[in-house]
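Enquirer: Encoded as structure tokens, here's the structure I'll be asking about.
The values are calculated or read from the model by the stated rules, or taken from the named source; none is laboratory data. Just so we're clear, the structure is a prediction, and the values are computed from it rather than from any experiment. With ideal geometry, Cβ positions are generated from the backbone for all residues, glycine too; neighbour counts draw on all protein chains shown. Quick note on the areas: whole protein, heavy atoms, side chains included, nothing else; ligands and nucleic acids left out. Shrake-Rupley method; radii C 1.70, N 1.55, O 1.52, S 1.80 Å.
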Amino acid sequence: MVDMGAFRDTVSGWAAGGDGLGVRAADPGVRGVVLVEGPSDLAALEALAVRLGRVPAAEGVCVVSMGGAMNVGRYAELLGPPGLGLRIAGLCDERERPFYDRALDRVGARDAEVFVCVRDLEEEMIRALGVARVEEIVEAEGDLVPWQTFTRQPAQRGRAREQQMRRFLGTKKGRKIRYGELLAGALEPGSVPAPLDALLGWL
């Protein structure tokens, strides 16, 4: 099996200012990449794959966090047709879809597929699980009191419970990553949000 961690580290090194030579000498077993916006998306996808018994690395696919959708052009150029020629898929929010479309068109990645969440991946998972189930996970993690305090803030009054929860997950550094993994790991096979289900079918 390809060491996708090493491949991802090499790509991260290039993104931080390296020359990309290490990426171009990557293991030929890497056949595809999924470009995601950030580390919480990466954590969620990897946790969901484990939950459903899927191993992207065994299928030659690496999930790559780009540090923001506006970086997709650089990654697509290196990893897509102009560079390594890998299969490309993307997972993004609806508002970021134009960045993906323009970048993939520019590099000639005509077979690339982009899977789109409405607002973001967290909202998709909260909706799939239901707020009550997410609250159980929050309580198990020791965050029930902060969550209850958050919902009583004036700015949260009148907002739907799902939107309050979505906002809560982004209020503390590292929380989105931790809960992205936890929520994905709690999804049942029949309740996987459509964008994630379609992406897993792409692998």
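Enquirer: Can you work out which of the residues in segment 55-110 that are part of a loop (DSSP other than H, G, I, E, B), of a type in the set (Gly, Ala, Ser) and open to solvent by 10 Å² or more (accessible area, probe 1.4 Å) is farthest from residue 28 (Cα to Cα)?
Expert: Here is the first cut: in segment 55-110, the residues part of a loop (DSSP other than H, G, I, E, B) are 55, 60, 66-68, 80-86, 107-110.
Of the ones still in play, those that are also of a type in the set (Gly, Ala, Ser) are 60, 67-68, 80, 83, 85, 108-109.
Pick out the ones that are also open to solvent by 10 Å² or more (accessible area, probe 1.4 Å) and you get 67-68, 83, 85, 108-109.
Numbers: 67: 25, 68: 27, 83: 13, 85: 11, 108: 21, 109: 19 Å.
Taking the candidates together, the pick is 68.
Enquirer: Continuing with this model, one more query. Residue by residue through segment 96-122, note down the ones that are β-branched (Val, Ile, Thr) and under 17 Å from the mean Cα position of the chain (by Cα).
Expert: Step one: list which residues in segment 96-122 are β-branched (Val, Ile, Thr), which gives 107, 114, 116, 118.
114, 116, 118 - these are the residues of segment 96-122 that are β-branched (Val, Ile, Thr) and under 17 Å from the mean Cα position of the chain (by Cα).
Enquirer: Then there is this: Could you say which residue among 76, 49, 43 is of a type in the set (A, V, I, L, M), touching an Asp or Glu at 6+ places or on another chain (Cβ under 7 Å) and within 18 Å of residue 115 (Cβ to Cβ)? Steps first, answer last, please.
Expert: Details: 76 fails: touching an Asp or Glu at 6+ places or on another chain (Cβ under 7 Å); 49 fails: touching an Asp or Glu at 6+ places or on another chain (Cβ under 7 Å).
The unique qualifying residue is 43.
Enquirer: Go through (1) closer than 23 Å to residue 176 by Cβ; (2) free of Cβ contacts under 8 Å to residues at least 40 places away in the same chain and name the single condition residue 37 misses.
Expert: (2)
Enquirer: When both residues are 6+ apart or on different chains and their Cβ atoms are under 8 Å apart, which pairs have a first residue that lies in segment 89-113 and is within 18 Å of residue 77 (Cβ to Cβ) and without any contact (Cβ under 8 Å) to a residue 60 or more places away in the chain, and a second that is open to solvent by 80 Å² or more (accessible area, probe 1.4 Å) and among the aliphatic types (A, V, I, L, M)?
Expert: The qualifying pairs are 99/70.
Enquirer: Residues to consider are 133, 167, 159; find the one that is in a loop (DSSP other than H, G, I, E, B) and open to solvent by 20 Å² or more (accessible area, probe 1.4 Å). Break it down into steps so the answer makes sense when it comes.
Expert: Details: 133 fails: in a loop (DSSP other than H, G, I, E, B); 167 fails: in a loop (DSSP other than H, G, I, E, B).
From the options 133, 167, 159, the qualifying one is 159.
Enquirer: Which residue, of 104, 91, is in contact with a strand residue (DSSP E or B) (Cβ under 6 Å, 6 or more places away or on another chain) and at pLDDT 95 or above? Please lay out each step first, then the result.
Expert: Values: 104 fails: in contact with a strand residue (DSSP E or B) (Cβ under 6 Å, 6 or more places away or on another chain).
Among 104, 91, only 91 is in contact with a strand residue (DSSP E or B) (Cβ under 6 Å, 6 or more places away or on another chain) and at pLDDT 95 or above.
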